[in-house]
1. Once all Cα-Cα distances of segment 12-128 are split into 10 Å bins that start at 0, what whole-number percent is in each one?
2. What is the diffusion coefficient of segment 22-66 in µm²/s, taking the Kirkwood radius over Cα pairs and the Stokes-Einstein relation at 10 °C with a viscosity of 1.306 mPa s?
3. Tell me which of P16, N103, A74 sits at the most positive position along the dipole axis of the chain, charges placed on C-beta atoms (Lys, Arg +1; Asp, Glu -1).
4. Return P(r) of segment 66-113 (all Cα-Cα pairs; 10 Å bins starting at 0; whole %; ordered from short to long distances).
5. How high is the relative contact order of segment 72-143, in percent, counting Cα pairs under 8 Å that sit 6 or more residues apart?
6. For Cα pairs less than 8 Å apart in space and 6+ apart in sequence, what is the mean separation divided by the residue count of segment 12-128, i.e. the relative contact order in percent?
7. Within 10 Å of each residue's Cβ, count the other Cβ atoms and sort Y138, Y59 from fewest upward.
8. If I model a spin label as a point 7 Å beyond the Cα along the Cα-Cβ vector, how far apart are those points for R31 and L86 in nm?
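Throughout, read-outs are computed from the coordinates displayed, never taken from laboratory work. These numbers come from a predicted model, not from an experiment. Using ideal geometry, Cβ is built from the backbone for each residue, glycine included, and neighbour counts are taken over all protein chains shown.
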Amino acid sequence: MNAKPTNFSAPITVLPVADVNFESLVQLYHRYLLYFGHKRDASVLRIFLSKILSKDFSYCLVAKADEDTIGFCAGVYSYSPVALGLALTINDLYVDDPWRRKNVGRILIKTLESYANQRGANTLFVNTDANIPWLTPYYEQIGFFAINHRTLVKRLNKESQ
Ligand SMILES: CC(C)(COP(=O)(O)OP(=O)(O)OC[C@H]1O[C@@H](n2cnc3c(N)ncnc32)[C@H](O)[C@@H]1OP(=O)(O)O)[C@@H](O)C(=O)NCCC(=O)NCCS
């Protein structure tokens, strides 16, 4: 991991993923997955990221402090009957440990929100992790409210496109 601050003063910048070095993004996703206990080969991640990031329905922003790639927020656009229009669902949010609680997560979400607005979305959804109790209040502080508490998964026996 790019360790750093106790006290840092580097300004945080948030960039669309296309403007970020691809290899630093692969490493960032690697740390994110490891945080949740998923070990993935970098080669597999490279293929996954090239696929997903080339899709028009997906969107990803990356936070940098100087040259360090320190966090990201990613989502997918879809038409939602709840939103009665275009919505962006935030599926992934991650900030490297040394940079946490310094507003980076909030800046990422706020910036994603303004990109979603520009694209014509009227709603943001976010999936939380029930094992992290402070996460729902965290999102509530930045304007979200809960509509349900669960996500269920069914794996389809199929190669992804
Ligand atoms: C969730 C995450 C992205 C938040 O990013 P962040 O940059 O640290 O968050 P911010 O600085 O914008 O906001 C901090 C606020 O979040 C809440 N918070 C963050 N970490 C917390 C913790 N460990 N315990 C309790 N509250 C916490 C607090 O309200 C905090 O405000 P405070 O520091 O004034 O008390 C970051 O903790 C992270 O990457 N965690 C690991 C991955 C993860 O859980 N992702 C989300 C699910 S996909």
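1. In whole percents, the pair-distance histogram is 13, 46, 33, 7, 0.
2. Working: Rh = 11.3 Å.
Estimated diffusion coefficient is 140 µm²/s.
3. Highest projection toward the positive end goes to A74.
4. 24, 44, 21, 10, 0
5. Working: 79 pairs, mean separation 23.1, N = 72.
Contact order relative to length: 32 percent.
6. Working: 168 pairs, mean separation 27.5, N = 117.
24 percent.
7. Details: Y138 17, Y59 21.
In order of increasing Cβ crowding within 10 Å: Y138, Y59.
8. 3.2
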